[in-house]
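Below you'll find the structure, written out as structure tokens, and then a few comments.
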Amino acid sequence: MPILSKEEAQALLKKVLSYSKAEACEVSLGGSEGGNIRYALNAVSTAGDIGTLGLAVSSTFGKKTGTATINEFDDASLEKVVRRSEELAQLAPPNPEYMPPLGPQTFKDAATYNDQTAAMTPEGRAELVAKSLEVTKAANLQAAGFLENSTDFRAVMNSAGLFAYNKSTDVTFSVTTRNAEGTGSGYAARGFTDVSKLDTFAATKIAAQKATGSVGARAIEPGKYTVILEPTAAAYMMENMFRFDARSADEGRSFLSKKGGGTRLGEKLLDEKVTIYSDPFNAELPSGTWTGDGLPLEKTYWFDKGVVKNLSYSRYWAEKKGVKPQPGPSNIIMEGGTQSLEEMIKSTERGILVSRLWYIRMVDPQVLALTGLTRDGTFYIENGKIKFPIKNMRFNESPVIMLNNVEALGKPERAISVESYRSYLIPPMKIRDFTFSSLSDAV
């Protein structure tokens, strides 16, 4: 039952709305099913399947809204959750930013569902993990990893006539490899809509090469260096900037705020090599085609050749500012160049190759100053070649400053952040004057 068809979801939501006595009512429904397998010390430690299905009802009287949730679907339970939401609405304080529900909208079909991913089995997951373990056992390394697949749907309907539905699939894989002495570490992560694109053997091979190559790391002096960020490292560094929220900018709380008031919309804020956009219909990184409150999603440029092209406006803030609502990013795609990572290394006289960043924390949101650490393979480059592994270092840098110091961009790749569980299309990037502030003994 966790995955309902569009017709089944629509029928259920209509039934729930028929119980409503509120001035406005919105019902959302979501379900997922899938499984996972976790391994450590080159052996599977846990595995399982899970399915969930839940419904939320929001009832409104005036500007007072109450929400109740349930995971039982007989008629009595459905009417009960509607009555409960109405009772909570009567107790709630008025919401000064309440917006009435949207009426009927037209949504294009999403490309987020794949039959092969939806049909994954425990045996299929085990086979993918076995391919990963084949690599680490042959290299005398220890692996710890996690593989998970899910099929999800979500649907929403309201008393103003809106109905939206989307079904999606996803498979994610991450692995850390280390030598027995704990002196070398490598990492790889992959995420796809279509499981046929997932090659756990090749991904683990990269992680294994990082682990063996990072043994015997040397300390170098902190300072400003030319860095080459692999897509995973670049994604971790940049994901703090991907909200593009107009209200935060208008209220002076964002790197997109203008001194003295207002936003930096229309300003050239980044290097002209930088173009970032969202596109729910991108074949490599598809997303849903509507937002939670029922706005259609379309291709949207956020930065075009370094210029701030759009900001996201909620319906409330758009009305306050007299502009059209603009949904936030459905996905993030950054244009790149044609160089491979190897070609970028060959073009570097002196620099540092960064495989991954972690433990990133915000220092100052107004300038997007961040601090964090390298990990899982950091290497010194000299005369176009990787010379030796180096000890990890703490950085203090802003992605805004970083994206003003772009020397080259490579071919975009799908990179996943396992901390936010989001995938991005991000190129490897060569950056000058990246600031490292201190050494770290962690591997």
Revision key, fill the gap. Rounded to one decimal in nm, the spacing of the 7 Å Cα→Cβ label points at Tyr359 and Ile220 is 2.1 nm
Check your understanding: Which whole-Hz ³J(HN,Hα) couplings does segment 307-322 yield from phi under the Karplus relation 6.51 cos²θ - 1.76 cosθ + 1.60, θ = phi - 60°, glycine and proline marked x?
Key -> 8, 5, 9, 8, 10, 8, 10, 5, 4, 5, 5, 5, 5, 5, 9, x
Point to revise | Estimated distance in nm for a label pair at Glu382 and Glu97, the labels positioned 7 Å out from Cα along Cα-to-Cβ | key: 5.4 nm
Check your understanding: What ratio of Cα Rg to 2.2 N^0.38 Å holds for segment 155-229?
Key -> 1.86
Revision key, fill the gap. If each part is reduced to its alpha-carbon centroid, segment 305-340 and segment 37-107 end up apart, in Å, by 28 Å
Review point. Using the Cα gyration tensor of segment 371-411, with a ≥ b ≥ c the square roots of its eigenvalues, what is the shape: rounded (a/c below 1.5), prolate (a/b larger than b/c) or oblate (neither)?
Key: oblate
Check your understanding: Which of these, Ile426, Ile70, Ile416, has the largest mean-square fluctuation under a Gaussian network model of the chain (Cα springs below 10 Å)?
Key -> Ile70
Point to revise | Kirkwood Rh in Å, taken over all unlike Cα pairs in segment 67-107 | key: 12.5 Å
**Study point:** segment 1-106: relative contact order in percent, alpha carbon pairs under 8 Å with at least 6 residues between
**Key:** 24 percent
Check your understanding: Restricting attention to the alpha-carbon atoms of segment 1-118, what are Rg (one decimal) and Dmax (integer), both in Å?
Key -> 18.6, 59
Review point. Once phi is turned into ³J(HN,Hα) by the Karplus curve 6.51 cos²θ - 1.76 cosθ + 1.60 with θ = phi - 60°, what whole-Hz value does each residue of segment 135-145 show in order, with x for glycine and proline?
Key: 5, 5, 5, 5, 8, 6, 10, 9, 10, 10, x
Practice item. Taking every Cα atom in segment 1-55, find the radius of gyration and the maximum pairwise distance Dmax, and write them in Å. Key: 17.9, 58
**Study point:** Descending principal axes extents, segment 75-147, alpha-carbon based, whole Å
**Key:** 65, 33, 32
Review point. Segment 192-256 to segment 353-371: how many Å between their Cα centroids?
Key: 10 Å
Exercise for review: Pick out which of Asp279, Asp74, Asp49 has the largest mean-square fluctuation in a Gaussian network model of the chain, springs linking Cα atoms closer than 10 Å.
Suggested key: Asp74
Practice item. Quickly work out the Leu265-to-Glu335 label distance, labels modelled 7 Å from Cα along the C-beta direction, and quote it in nm with one decimal. Key: 2.2 nm
**Study point:** For segment 328-443, the fraction of alpha-carbon pairs in successive 5 Å shells from zero, as %
**Key:** 2, 10, 17, 24, 25, 15, 6, 1, 0
Practice item. On the protein heavy atoms, probe 1.4 angstrom, tell me the percent of accessible surface of segment 161-297 carried by carbon and sulfur. Key: 47 percent
Revision key, fill the gap. Mean projected area, convex hull of alpha-carbon positions in segment 304-360, reported to one decimal in nm², is 7.2 nm²
Practice item. For the chain, find the longest principal axis of its Cα atoms and tell me its angle to the long axis of helix 75-91, 0 to 90°, nearest 10. Key: 90 degrees
**Study point:** Alpha carbon convex hull of segment 106-194, projected area averaged over orientations, nm²
**Key:** 8.0 nm²
**Study point:** Accessible solvent surface per residue of the chain, calculated while the other protein chains remain in place, 1.4 angstrom probe, Å²
**Key:** 45 Å²
Point to revise | Residues with amide H under 5 Å from that of Leu370, placed H, sequence gap 5 or more | key: Val363, Glu397, Ser398
Practice item. Under 10 Å from the Cβ of Thr226, count the other residues' Cβ atoms, weight Lys and Arg +1, Asp and Glu -1, and hand me the total. Key: +1
Practice item. Any chance you could run the full-extension gain for Thr183 through Val44? It's 0.36 nm times the residue separation minus the Cα-Cα distance, nm to one decimal. Key: 47.7 nm
Review point. Remind me, relative contact order of the chain in percent, using alpha carbon pairs under 8 angstrom and six or more residues apart?
Key: 15 percent
Exercise for review: Using θ = phi - 60° and the Karplus relation 6.51 cos²θ - 1.76 cosθ + 1.60, list the HN-Hα couplings for segment 424-431 in order, rounded to whole Hz, with x at every Gly or Pro.
Suggested key: 9, 9, 9, x, x, 9, 9, 10
Study note, to complete from the structure: Summing -39500 (n - 2.57) over every DSSP H run of at least 4 in the chain, dividing by its residue total and rounding to the nearest 500, the 222 nm mean residue ellipticity is -6000 deg cm²/dmol
Exercise for review: Would you mind telling me which residue in Tyr277, Tyr187, Tyr98 has the biggest mean-square fluctuation in a Gaussian network model of the chain, where springs connect alpha carbons within a distance under 10 angstrom?
Suggested key: Tyr98
Check your understanding: Where in the chain lies the longest segment free of trypsin sites (Lys or Arg not before Pro) that are both loop residues by DSSP (not H, G, I, E, B) and have at most 12 other Cβ atoms within 10 Å?
Key -> 109-258
**Study point:** Relative contact order for segment 236-391, counting Cα pairs under 8 Å that sit 6 or more residues apart, in percent
**Key:** 22 percent
Exercise for review: Output the Kirkwood hydrodynamic radius of the chain, Cα pairs only, in Å rounded to one decimal.
Suggested key: 23.9 Å
Point to revise | Under-5 Å amide H pairs with Ser440, H placed in peptide plane, nonlocal only | key: Asn392, Met393, Arg394
Check your understanding: Is segment 270-347 best put as rounded, prolate or oblate by its Cα gyration tensor, with a ≥ b ≥ c the root eigenvalues, rounded for a/c under 1.5, and otherwise prolate when a/b is larger than b/c, oblate when not?
Key -> oblate
Revision key, fill the gap. Dividing the surface of the Cα convex hull of segment 156-284 by four yields a projected area in nm² of 14.3 nm²
**Study point:** On Cα atoms only, tilt of 200-213 relative to the major axis of the chain in degrees
**Key:** 40 degrees
Check your understanding: So between Glu134 and Glu72, what do we pick up on full extension, going 0.36 nm a residue minus the alpha carbon distance?
Key -> 17.9 nm
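The values are calculated or read from the model by the stated rules, or taken from the named source; none is laboratory data. Since this is a predicted model, take the numbers as computed values, not measurements. Cβ: placed from backbone, ideal geometry, glycine included. Neighbour counts: every protein chain shown. Note: areas computed on protein heavy atoms with side chains; ligands, DNA, RNA excluded. Shrake-Rupley method; radii C 1.70, N 1.55, O 1.52, S 1.80 Å.
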